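Report on one structure; see the data block that follows.
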There are 2 protein chains.
Amino acid sequence: MDTIKLAKVARGDAIADLVLKNCKIINVFTREIEIGDIAITDGKIVGIGEYQGKEELDLKNRFVAPGFIDGHVHIESSMLTPPQFAKIIVPKGTTSIIADPHEIANVSGIEGIKYMIFSSIFGPLNVNIMIPSCVPATSFETSGAIITSKDIKKFRNNKGVLGLGEVMNYPGVIYGDPEVHKKLEYMADFVKDGHAPSVHGKELNAYKLSGIKTDHECTTAEELHEKVARGMYIHLREGSATRNVKALAKGVTIQNSRRLLFCTDDKHSEDIRNEGHINYNIKLAIENGVDPLTAIQMATINIAECYKLDNIGAIAPGYDADLVVFDSLKEIDVDEVYIKGELVAKGNKALFDPVLYTNGYVTNTVNIKDSSKVNFDIKLKNNRVKVIQLIPKNVTTTKVIREVTIKNGIYKQDNNSDILKLAVIERHHQTGNVGLGLVEGYGLKNGAVAMTIAHDSHNLIVIGDNDQDMKIAMQEIERIQGGITLVNNGKVFESIRLEVAGLMTNTEVKIIEGKLKEMDKKAREMGVNKAVDDAFLSLAFMSLPVIPELKLTDKGLFDVTKFALVPLEE
Amino acid sequence: MDTIKLAKVARGDAIADLVLKNCKIINVFTREIEIGDIAITDGKIVGIGEYQGKEELDLKNRFVAPGFIDGHVHIESSMLTPPQFAKIIVPKGTTSIIADPHEIANVSGIEGIKYMIFSSIFGPLNVNIMIPSCVPATSFETSGAIITSKDIKKFRNNKGVLGLGEVMNYPGVIYGDPEVHKKLEYMADFVKDGHAPSVHGKELNAYKLSGIKTDHECTTAEELHEKVARGMYIHLREGSATRNVKALAKGVTIQNSRRLLFCTDDKHSEDIRNEGHINYNIKLAIENGVDPLTAIQMATINIAECYKLDNIGAIAPGYDADLVVFDSLKEIDVDEVYIKGELVAKGNKALFDPVLYTNGYVTNTVNIKDSSKVNFDIKLKNNRVKVIQLIPKNVTTTKVIREVTIKNGIYKQDNNSDILKLAVIERHHQTGNVGLGLVEGYGLKNGAVAMTIAHDSHNLIVIGDNDQDMKIAMQEIERIQGGITLVNNGKVFESIRLEVAGLMTNTEVKIIEGKLKEMDKKAREMGVNKAVDDAFLSLAFMSLPVIPELKLTDKGLFDVTKFALVPLEE
């Protein structure tokens, strides 16, 4: 930044590039609304007051806030690559994000993280990357990559790296796992994100000790209060599945609000497009009693301070000219969005074209050992078996015991029961691992669903009522090298290609959402329960071995309560 | 820090080194008072709650606050070296300081800064050093050293360096001085302190632009408000000469307080010992209407956040166990002080011995060119001359025109007038420079005062009513290699040796204060005006060419309004 040139503009001895006249400026330092002009040059705010510009826009007393920041997000959950993701969140007023590429890192390791950095370079969105701390999530599954403490030490000083991603292995922190503590040690001088659901009391002390700075897993005002008291910054999260803003808004006070932030964590593209992004967190907080200017602080300066991002989060000289224009302090219905002084969105529409990018490290990531020979037979020694029971609108499951039919020592599908087969096929290293299990509560008939979104290792997950359709589904995913497919009566109904790590696509969001809608409609016709929130993405958590109660990985059935692989038979 | 070991203590599976039981803990995150134990191990706070310790101390419901931080201080103003300075401020509850060694840097350059770092290593006080940005203050004086932007670039990454010291050259920032902007550029990623008295409006925008983060020169609530609105952190200063807390306390609100800090800037040892240090800022703020917990935040977490010091400023797991114990939230009368878990002061008494240090770079710094030949004759072309008029209790002066007696073209002292001779003798590089001028309002008769504290270049300044005593005073300072001396009727009455850069001493504070008291008493007997605040240190600002109106440097008489050297004759 040419500070000598900018100082000349600031003091009024040169004309600014752009002046936004007559703004109602949200001042996040004084928590006041200030009337004035904002002078912008070289993408920086140079002055507040009365200025002349080469270009002057009369904002006619509309509100101007600093660009919103998402304090913690997994871009992958949108199924969009960073450039396509930017296109849907920037029109909502989000100008910066703290992204934890945990999902792609489980598939492609450090190269996956690099991909997220590279693919964000040419877009307007300010993307700050946290190095995922828990890849793989457990040793009971086969991930595409492992990120060790040594990898972290080597990678930490790269441009684009801001800190350490959510440390989900909270038992490892609290009970002194040496590798977890090495990661914390190597990232001592960086911001470290936490993930500590319901951790409190002395365990919270132990978790906070090594400098983990944030938590986005609070669900009650009491939990929020205790964690703030112990020195943590707390994200009030509003994603697709986990929605905490309403409950936590009760805990926001004038005393603690400076330590409170917003995030989305995981939010589907459709929800972002319909509800909004961080602007929706702000709106919900206001609806639930938080002062509007406090809520805007929680979306801007508080996050910038927590993550030590000195150039964003406020409207003041020297800050990036990231600005959001809207008319009501109730709706936060974003109209115009400026990033580094450029108008990048207006009327809910991005004004930039995403610069798309892929590379060989993150494509062609579906490597199944001889898929034609994959066998879905479940051998059983007795007919009392553990079945994964879906809980609608929830990523947890319940373990139930059911009696099933066995023929020649092999599980036989009963078309009158609600039980379906579930398989998790290792797809990274051609190990040949296939985990097999049973699920109830999904409801599909005469077909199968397969996909490569399967937390956290993102192996190939298949569900179906017959082996033939399951095989077709699996092989369709192999053919398109990652994505989601729906098979009905021996034929592929429709597929969505997620060419980047089997998780994300460069395809335009509307095409993806259109396909998903049709596939969902068809799946419901094929019997998928109305209670199941999302016919496809609900399955993505059936393989996540860190959330109760019974899950399936490529290594087999996993009892989360026992934290061990278990046989199907009871 | 052995985080695995500490986590064990935190979760209650091992005994803490020390537990402070039954504390009223000042929680600076929630702005609440919490009752509980503080568990400490390896100098760190490991837990809040109920803990067992090898050593347990019942605090019987006394208040425990995080150790106080001085956000901006020139240690040199105490005339004590860092170890001796620590000994007087730690008992007042100050456990960390942000020190700007501007004065010693003007004498000894980078070696002077290094001395401040080295001499702080072995004491308990946490000393964070800012690289002085304006050495020398102007080109109209001869300093001992110059610190260029290149020096700063080279030195910035050293251990102990926290940021850039107050950028006093605000015209240079605002009007684009290339060397000033280079310094700012090289320190882009560091915290940069400001100094911008009365700078506002567009000039403030220009000043703030390059990332200068703080200002400690605010004198009104309005000035404070505008500077906070533009994104600055504001120090509420309470030093010996400049006392701003009372006026600024009016401007403290629940909305802006997170951006407000405390500092002392320049405070004499006697004032520290009598009034207090940062605890006195807190007390004054409370007396003037600031909520006690807000005031404590301003002395702790706010400063830690501003200066990005993650391990201090709060009582929470992972923070240094820097704690202050007191009984009243009105008086902040500090009793016990812990630093890194060690009891370092009790009942206003330091419990540690200062580890003293000097080296050859900062001693023997008085190098006058042939002192026996220094001539104090003032040659005058006419008898109407500019005279520096002292303003009591003020570092500014007034320019007055007086008619004086000339004999053989040389100024002749009139024993009935109030006018005295003032000389500034260059003492760093043996240039032979001697600036000569006239002063009124001081009042000394039959003697001279000389010292090496003479802002900002700290040359040798001498005042007297006769040349002989002035010469004796100058030569006494040369003999003791820096300090303060009082000469009466041809004889040295008493001297204080300031062996470090002519500014500071390792001698114990009580000896220095005792001598100063006697010298002051004698000086008053010799006629020094009662109105003159300090018989010696008031003279130290007569050479400071950045504060109005008429000053004297080794290069001659300086008119600050014209910002130029001027002849004595009008």
Is it the case that some residue within the range A:428-440 is of a type outside the set (Val, Ile, Thr), within 22 Å of the chain's Cα centre (by Cα) and assigned to a strand (DSSP E or B)?
no
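So, in the range A:134-178, of the ones that are of a type in the set (Phe, Trp, Tyr) and in a loop (DSSP other than H, G, I, E, B), which residue ends up surrounded by the fewest Cβ atoms within 10 Å (Cβ to Cβ)?
For the range A:134-178, the residue satisfying everything is A:Tyr175.
Go through A:Ile368, A:Ile406 for me and flag whichever is part of a strand (DSSP E or B) and modelled with pLDDT of 95 or more.
Values: A:Ile368 fails: part of a strand (DSSP E or B).
Matching residue, one of A:Ile368, A:Ile406: A:Ile406.
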Among (1) outside any loop (DSSP other than H, G, I, E, B); (2) free of Cβ contacts under 8 Å to residues at least 24 places away in the same chain, which single condition is A:Ile113 missing?
(2)
Of the numbered conditions (1) out of contact with any Lys or Arg (no Cβ under 6 Å at 6 or more places or on another chain); (2) among the acidic types (Asp, Glu); (3) under 18 Å from B:Ala316 (Cβ atoms), A:Asp215 satisfies every one except a single condition; which is it?
(1)
Please give the number of the condition B:Tyr233 fails out of (1) more than 9 Å from every other protein chain (Cβ to nearest Cβ); (2) surrounded by fewer than 24 Cβ atoms within 10 Å (Cβ to Cβ); (3) under 23 Å from B:Thr294 (Cα atoms).
(2)
Kindly list the number of the only condition in (1) crowded, with 18+ Cβ neighbours inside 10 Å; (2) on the phi > 0 side of the Ramachandran plot; (3) touching a helix residue (DSSP H, G or I) at 6+ places or on another chain (Cβ under 8 Å) that fails for B:Gly490.
(1)
All conditions in (1) within 28 Å of the chain's Cα centre (by Cα); (2) at negative phi; (3) of a type outside the set (Val, Ile, Thr) are true of A:Glu403 except (1)
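Listed here are the residues, each with its yes/no results for (1) within 22 Å of the chain's Cα centre (by Cα); (2) surrounded by fewer than 17 Cβ atoms within 10 Å (Cβ to Cβ); (3) outside any loop (DSSP other than H, G, I, E, B).
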position	(1), (2), (3)
A:Leu309	yes, no, no
A:Pro317	no, no, no
A:Val324	no, no, yes
A:Ser328	no, yes, no
A:Glu336	no, no, yes
A:Val355	yes, yes, no
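State all residues of the range B:1-36 that are in a strand (DSSP E or B) and either among the basic types (Lys, Arg) or surrounded by fewer than 23 Cβ atoms within 10 Å (Cβ to Cβ) (or both); if no residue qualifies, say none. It would help to see each step written out before you state the result.
Keep residues of the range B:1-36 that are in a strand (DSSP E or B), which gives B:16-27, B:32-36.
B:Asp17, B:Leu18, B:Lys21, B:Asn22, B:Lys24, B:Glu32, B:Ile33, B:Glu34, B:Ile35, B:Gly36, listed by residue number.
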Of residues in the range A:9-38 being out of contact with any Ser or Thr (no Cβ under 7 Å at 6 or more places or on another chain) and among the β-branched types (Val, Ile, Thr), the one nearest to the other protein chains (Cβ to nearest Cβ):
A:Thr30
Can you find a residue that is in contact with a His (Cβ under 8 Å, 6 or more places away or on another chain), surrounded by 15 or more Cβ atoms within 10 Å (Cβ to Cβ) and closer than 23 Å to B:Asn394 by Cα anywhere in the range B:551-558?
no
Every pair of residues 6+ apart whose Cβ atoms lie under 9 Å, when the first sits in the range A:154-179 and is within 14 Å of chain B (Cβ to nearest Cβ) and within 28 Å of A:Thr264 (Cβ to Cβ) while the second is of a type in the set (S, T, N, Q) and part of a strand (DSSP E or B)
A:Leu162/A:Asn128; A:Gly163/A:Asn128
With the requirement that a residue be away from chain A (no Cβ under 11 Å), touching a Gly at 6+ places or on another chain (Cβ under 9 Å) and outside any loop (DSSP other than H, G, I, E, B), what does the range B:39-65 give you?
B:Ile40, B:Ala65
Can you tell me which condition A:Asp265 does not meet? The list is (1) surrounded by fewer than 19 Cβ atoms within 10 Å (Cβ to Cβ); (2) under 30 Å from A:Gly514 (Cβ atoms), and all the others hold.
(1)
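Output the number of residues of the range A:236-259 satisfying the condition of being assigned to a loop (DSSP other than H, G, I, E, B) and buried (at least 23 other Cβ atoms within 10 Å of the Cβ). Before the answer, list the steps.
Just the residues of the range A:236-259 that are assigned to a loop (DSSP other than H, G, I, E, B), to begin with: A:239-242, A:244, A:250-256.
Narrowing the set further to residues that are buried (at least 23 other Cβ atoms within 10 Å of the Cβ) leaves A:244, A:252.
Adding up the residues that qualify gives 2.
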Filter the range B:260-277 down to residues that are in a helix (DSSP H, G or I) and in contact with a Lys or Arg (Cβ under 9 Å, 6 or more places away or on another chain) and give me whichever is farthest from the other protein chains (Cβ to nearest Cβ).
B:Glu270
For B:Ser96, indicate whether it is of a type in the set (Ser, Thr, Tyr), closer than 30 Å to B:Glu331 by Cα, touching a residue at least 12 places away in the same chain (Cβ under 8 Å) and surrounded by 24 or more Cβ atoms within 10 Å (Cβ to Cβ).
yes
Can you spot a residue in the range B:516-538 that is of a type in the set (Phe, Trp, Tyr), part of a helix (DSSP H, G or I) and in contact with a strand residue (DSSP E or B) (Cβ under 9 Å, 6 or more places away or on another chain)?
no
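Scan the range B:194-215 for residues that are part of a loop (DSSP other than H, G, I, E, B) and either under 19 Å from B:Ile131 (Cα atoms) or within 12 Å of another protein chain (Cβ to nearest Cβ) (or both) and jot them down. Break it down stepwise before answering.
Filtering the range B:194-215 for residues part of a loop (DSSP other than H, G, I, E, B) gives B:195-200, B:209-211, B:213.
If the condition is that a residue be part of a loop (DSSP other than H, G, I, E, B) and either under 19 Å from B:Ile131 (Cα atoms) or within 12 Å of another protein chain (Cβ to nearest Cβ) (or both), then B:His195, B:Ala196, B:Val199, B:His200, B:Leu209, B:Ser210, B:Gly211, B:Lys213 are the ones that fit.
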Within the range B:377-394, of all residues that are in contact with a Leu (Cβ under 7 Å, 6 or more places away or on another chain) and part of a loop (DSSP other than H, G, I, E, B), the one farthest from B:Gly239 (Cα to Cα) is B:Leu380
Please find, within the range A:227-242, the residue that is nearest to A:Gly201 (Cα to Cα) out of those that are in contact with a Lys or Arg (Cβ under 8 Å, 6 or more places away or on another chain) and at pLDDT below 95.
A:Ala241
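Taking the options B:Tyr207, B:Tyr186, B:Tyr233, name whichever one is of a type in the set (Ser, Thr, Tyr), more than 16 Å from A:Thr30 (Cα to Cα), touching a strand residue (DSSP E or B) at 6+ places or on another chain (Cβ under 8 Å) and in contact (Cβ under 8 Å) with a residue 12 or more places away in the chain. Reasoning before the result, please.
Working: B:Tyr186 fails: touching a strand residue (DSSP E or B) at 6+ places or on another chain (Cβ under 8 Å); B:Tyr233 fails: more than 16 Å from A:Thr30 (Cα to Cα).
Only one candidate qualifies: B:Tyr207.
The values are calculated or read from the model by the stated rules, or taken from the named source; none is laboratory data. No experiment lies behind these values; they were computed from the predicted model shown. Here the Cβ is made from the backbone with ideal geometry for all residues, glycine too, and neighbour counts use every protein chain on show.
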